[in-house]
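A short worksheet on the structure shown next.
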Amino acid sequence: MTRSRPPHRILGQYSFRGIRTVEHVFRVPLDHGRPDGEQIEIFAREYSSAAHPVDAAARLPWLVFLQGGPGGRGNRVTSLTGWMKEAAKDFRILMLDQRGTGLSTPADRTTLPLRGDAADQAAYLAHFRADSIVLDCETIRRALGSGPWTVYGQSFGGFCTLTYLSIAPHGIREALITGGLAPLDGPAERVYRATYARLAARNAEYFAWYPADRQRIADIADHLRTRGERLPDGSRLTPERFQLVGNFLGGNTGVDSLHYLLEDAFTRGVDGIRLSDPFLHQVHGTVTRGPNPLYAVLHEAIYAQGESTDWAAWRVLKEYPAFKPDSAEPLLLGEMVCPWLFEQDPALAPLAETAAILAEKADWGSLYDPARLAVNDVPVAAAVYRDDIYVDRELSLETAGRIRNLRVWETADFHHDGISDDGEGIFARLLAMAREG
């Protein structure tokens, strides 16, 4: 008889370059509404500073970090820098591989067919939203014997933090959020109308800095309409897929990186003007969802509450013709997920039918409890980035105004990846705000 694995086990412990790490695996219910049903595994890596003696480090309070996504695994770090360096002064940091990612029970084009057909896969993935992630956290917190812990949510991790405050506030000592105040209600369309408008402004800012890049982007798009350019995985680079390099616009220095990407886009060969190999390899790394397919499959589901999303980003794009790939000078896109992506990205093609079923799903449960948030007594501090192209400022401030005991720091000094630029300062500021009382 095969013995079942324990609910919590440690895979290994290591010490290097001033860091101690402990690798944890936890068993949690696939469906927290059926705790005795199917179980999946969640991997988490604990980080602490070797500046603390071993026994002192074991007594430090926990901070759980909820990363961006959906579908992103926990950060793998080789030294304590940025916000982690600051946090490790006072905390043990727990970095999760959220369900379906990293070393947790995987969910991708290889494993999902084991669940059955597309309908079975969609039913399985319906348990991979913020509410399930939060209940995973609560299962893990209890397994570690921790009291209420500090929660730090970046981007989608901030969305999860709002869900945490809605369904399990007793598990949180204090919450910090960067670039992650989600709308508490309303259809996904309002999110994309706001983000298309903000992304258009960011495109304009980029072209003001690098005017020649406007024509270069138009030339690349025109070239792709007439030449069969292929990415390293053999898939075709289409104008609409090329537009996804607009993800660079979400970072402070991303504009400059985008400029450098484009500067050697073209080369000349025996068959005339072509796109260069260095350019195609870099673009492939930006536009493929091979490393994180759940990002695409579940992206609009993170906004769904009581109604289907029905490819909201694709439908709203029609209201913004400057973003259409067949326009003379198409603007660059950001994180929008459109149905054609599941036709053009080989990593997503096997999941196309599953994604379509999830887009049509109309019986999503609520992710937030506005009534409970209105009387929230957990200290919360949130950074709102004024020009964030992924999480709109106005929608963020609307949400902040509906949550009691939440303090906002609004700044134009950073974009969505602010913690990559000044993680130490941002973390220290938010923690102090949360503890001001």
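The values are calculated or read from the model by the stated rules, or taken from the named source; none is laboratory data. Since the model is a prediction, treat every value here as computed from it, not as a measurement. As a convention, Cβ positions derive from the backbone with ideal geometry for all residues, glycine included, and neighbour counts pool all protein chains shown.
The residue list ASP421, ASP388 contains one member that is outside the structural domain of TYR192 (by TED's automatic domain parsing), acidic (Asp, Glu) and not in a loop (DSSP other than H, G, I, E, B), which is ASP421. Residues that are under 18 Å from GLN98 (Cα atoms) and among the hydrophobic types (A, V, I, L, M, F, W, C) within the range 31-62 comprise ILE40, ILE42, PHE43, ALA44, TRP62, listed in sequence order.
Among the residues of the range 24-45, those identified as free of Cβ contacts under 8 Å to residues at least 60 places away in the same chain and either out of contact with any strand residue (DSSP E or B) (no Cβ under 9 Å at 6 or more places or on another chain) or within 17 Å of LEU80 (Cβ to Cβ) (or both) are GLY33, ARG34, ARG45.
The set of residues in the range 208-223 being surrounded by 14 or more Cβ atoms within 10 Å (Cβ to Cβ) and not aliphatic (A, V, I, L, M) consists of TYR210, ASP213, ARG214, ARG216, ASP219, ASP222, HIS223.
Looking at THR81, THR105, THR21, which one is under 22 Å from the mean Cα position of the chain (by Cα), over 30 Å from GLY365 (Cβ atoms) and among the polar types (S, T, N, Q)? Residue meeting the stated conditions: THR81.
Can you tell me which residue among ALA374, ALA383 is buried (at least 22 other Cβ atoms within 10 Å of the Cβ) and within 20 Å of GLY153 (Cβ to Cβ)?
Values: ALA374 fails: buried (at least 22 other Cβ atoms within 10 Å of the Cβ).
Only one candidate qualifies: ALA383.
Scan the range 101-112 and give yes if some residue there is closer than 24 Å to TRP409 by Cβ and surrounded by fewer than 17 Cβ atoms within 10 Å (Cβ to Cβ), otherwise no. Can you show your working first?
From the range 101-112, those closer than 24 Å to TRP409 by Cβ are none; that's our starting set.
The answer is no; no qualifying residue exists.
Quick test for you: out of ASP388, ASP369, pick the one residue that is among the acidic types (Asp, Glu) and over 26 Å from ALA197 (Cα atoms). Before the answer, list the steps.
On the way: ASP388 fails: over 26 Å from ALA197 (Cα atoms).
The conditions single out ASP369.
Among the residues of the range 1-31, which ones are among the basic types (Lys, Arg) and farther than 14 Å from ILE42 by Cβ? Spell out how you get there, then give the answer.
Initially, the range 1-31 is screened for residues among the basic types (Lys, Arg), giving 3, 5, 9, 17, 20, 27.
Within the range 1-31, ARG3, ARG17, ARG20 meet the criteria.
Looking only at residues in the range 245-286 that are of a type in the set (Asp, Glu) and assigned to a helix (DSSP H, G or I), the one that is nearest to GLY418 (Cα to Cα) is ASP256.
Note on the range 133-163: among residues that are in contact with a Leu (Cβ under 8 Å, 6 or more places away or on another chain) and of a type in the set (Ser, Thr, Tyr), the one that is farthest from PRO379 (Cα to Cα) is THR163.
If the requirement is being among the small types (Gly, Ala, Ser), surrounded by fewer than 16 Cβ atoms within 10 Å (Cβ to Cβ) and touching a residue at least 24 places away in the same chain (Cβ under 8 Å), which of these qualifies: GLY254, GLY306, GLY250? First the steps, then the outcome.
On the way: GLY254 fails: surrounded by fewer than 16 Cβ atoms within 10 Å (Cβ to Cβ); GLY250 fails: surrounded by fewer than 16 Cβ atoms within 10 Å (Cβ to Cβ).
Just one listed residue meets the conditions, GLY306.
Scanning the range 3-18 for residues being surrounded by 10 or more Cβ atoms within 10 Å (Cβ to Cβ) and either within 27 Å of the chain's Cα centre (by Cα) or more than 20 Å from ASN75 (Cβ to Cβ) (or both) gives a total of 7.
Can you work out which of the residues in the range 136-157 that are surrounded by 23 or more Cβ atoms within 10 Å (Cβ to Cβ) and of a type outside the set (Val, Ile, Thr) is nearest to ALA359 (Cα to Cα)? In this case the residue turns out to be PHE156. So if I check each of ARG372, ARG404, ARG429, which one is modelled with pLDDT of 95 or more, under 21 Å from TRP83 (Cβ atoms) and either outside any strand (DSSP E or B) or acidic (Asp, Glu) (or both)? Sole residue among the options that is modelled with pLDDT of 95 or more, under 21 Å from TRP83 (Cβ atoms) and either outside any strand (DSSP E or B) or acidic (Asp, Glu) (or both): ARG429. Could you check, for the range 348-357, whether at least one of its residues is closer than 27 Å to GLU394 by Cβ, within 20 Å of the chain's Cα centre (by Cα) and either assigned to a loop (DSSP other than H, G, I, E, B) or not assigned by TED's automatic domain parsing to the domain that holds LYS324 (or both)? No: zero hits.
Can you tell which of ALA434, ALA359 is crowded, with 19+ Cβ neighbours inside 10 Å, of a type in the set (Gly, Ala, Ser) and in contact with a Lys or Arg (Cβ under 9 Å, 6 or more places away or on another chain)?
ALA434
Looking for something assigned by TED's automatic domain parsing to the domain that holds PRO339, of a type in the set (Ser, Thr, Tyr), within 25 Å of the chain's Cα centre (by Cα) and more than 20 Å from PHE342 (Cβ to Cβ) - is there at least one such residue anywhere in the range 218-230? Checking the range 218-230: not a single residue is assigned by TED's automatic domain parsing to the domain that holds PRO339, of a type in the set (Ser, Thr, Tyr), within 25 Å of the chain's Cα centre (by Cα) and more than 20 Å from PHE342 (Cβ to Cβ).
Say whether the condition of being touching a residue at least 60 places away in the same chain (Cβ under 8 Å), under 16 Å from ALA130 (Cβ atoms) and not in a helix (DSSP H, G or I) is met by at least one residue in the range 310-331.
Initially, the range 310-331 is screened for residues touching a residue at least 60 places away in the same chain (Cβ under 8 Å), giving 312-313, 315-317, 319-320, 322-323, 325-326, 328-331.
With under 16 Å from ALA130 (Cβ atoms) added as a condition, the list becomes none.
So far as the range 310-331 goes, no, none of its residues is touching a residue at least 60 places away in the same chain (Cβ under 8 Å), under 16 Å from ALA130 (Cβ atoms) and not in a helix (DSSP H, G or I).
Listed by first and then second residue, the pairs linking a residue in the range 108-126 that is without any contact (Cβ under 8 Å) to a residue 12 or more places away in the chain to a residue that is of a type outside the set (Gly, Ala, Ser), with Cβ atoms under 6 Å apart and 6 or more places separating them unless they lie on different chains, are ARG115/GLN121; ARG115/TYR124.
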